[in-house]
Amino acid sequence: MAHTVSLNVNGQGITASLDDPETPLLYVLRDDLGLRGPRFGCGLGQCGACTIHVDGQAIRSCVTPISSLKPSQKIVTLEGLGSPEAPHPVQQAFIDEQAAQCGYCINGMIMQSAALLSTNKRPSEDDIRQALAANLCRCGTHLRIVRAVKRASETL
């Protein structure tokens, strides 16, 4: 039996029809809405590639069942954070610092960083490292990522 859910994604009201209400939000975002910012990494909520914001909080969409969300909650993905014409300060800082190498982790790094900066406008380097500790990057661009978050904090 199909389960219909209404969501607010990147400022747009959407309705999805799912066979299973426990379907991870990530699958709806990618498969039904065609959003490519959040990525499937581990499927266990441990790597951060699927990070999005729900009401301003960074969450792992791969382990968030669609049924746990309310229509009033605001879901923001990387695509809704900023645009190519007007990137969010964190997105611009990541570009300026060339913080992406392969790019797979960058969605999670940017979304986690934006959530941090929404509550802590001037984080220390230690604050940044702690906030990003659960986001995995295999390429080793950690120093550039930390510099990018610091740069973004200076422009907010």
Handout entry: Every residue from the range 109-150 that is under 15 Å from residue 58 (Cα atoms), crowded, with 21+ Cβ neighbours inside 10 Å and not small (Gly, Ala, Ser)
Key = 109, 110, 111, 112, 116, 117, 128, 132, 135
Practice task
With the checklist (1) farther than 28 Å from residue 28 by Cα; (2) assigned to a loop (DSSP other than H, G, I, E, B); (3) touching a residue at least 60 places away in the same chain (Cβ under 8 Å) in hand, flag the one item residue 152 doesn't pass.
Solution key: (2)
Completion exercise
The one condition residue 70 fails out of (1) outside any loop (DSSP other than H, G, I, E, B); (2) among the basic types (Lys, Arg); (3) assigned by TED's automatic domain parsing to the domain that holds residue 38 is (1)
Handout entry: Boolean, residue 61 is more than 28 Å from residue 139 (Cα to Cα) and outside the structural domain of residue 131 (by TED's automatic domain parsing)
Key = no
Exercise for the section: Only residues that are touching a residue at least 60 places away in the same chain (Cβ under 8 Å) and either of a type in the set (Lys, Arg) or part of a helix (DSSP H, G or I) (or both): list them for the range 80-116, please. Expected result: 80, 89, 90, 92, 93, 107, 108, 109, 111, 112, 114, 115
Fill in the blank from the handout: Screening 79, 154 for residues that are among the acidic types (Asp, Glu) and within 10 Å of the chain's Cα centre (by Cα) leaves only 79
Practice task
Could you check residue 72 against (1) surrounded by 14 or more Cβ atoms within 10 Å (Cβ to Cβ); (2) touching a residue at least 60 places away in the same chain (Cβ under 8 Å); (3) hydroxyl-bearing (Ser, Thr, Tyr) and say which number it fails?
Solution key: (1)
Exercise for the section: Please tell me if residue 136 is part of a helix (DSSP H, G or I), closer than 22 Å to residue 46 by Cα and either in contact with a Lys or Arg (Cβ under 7 Å, 6 or more places away or on another chain) or not assigned by TED's automatic domain parsing to the domain that holds residue 55 (or both). Expected result: no
Practice task
Please tell me if residue 58 is assigned to a loop (DSSP other than H, G, I, E, B), of a type in the set (A, V, I, L, M), within 28 Å of residue 155 (Cβ to Cβ) and in contact with a helix residue (DSSP H, G or I) (Cβ under 7 Å, 6 or more places away or on another chain).
Solution key: no
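From the list 62, 42, 105, pick out the single residue that is surrounded by 13 or more Cβ atoms within 10 Å (Cβ to Cβ), closer than 21 Å to residue 149 by Cα and either of a type in the set (A, V, I, L, M) or out of contact with any His (no Cβ under 7 Å at 6 or more places or on another chain) (or both).
Answer to the selection: 105.
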Practice task
Return yes when residue 47 is in contact with a Leu (Cβ under 6 Å, 6 or more places away or on another chain), part of a loop (DSSP other than H, G, I, E, B) and either assigned by TED's automatic domain parsing to the domain that holds residue 18 or over 30 Å from residue 6 (Cβ atoms) (or both) and no when it is not.
Solution key: yes
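The values are calculated or read from the model by the stated rules, or taken from the named source; none is laboratory data. Predicted model, so just to flag it, every value in this text is computed and none were measured. Virtual Cβ from ideal backbone geometry, glycine too; neighbours counted across all protein chains shown.
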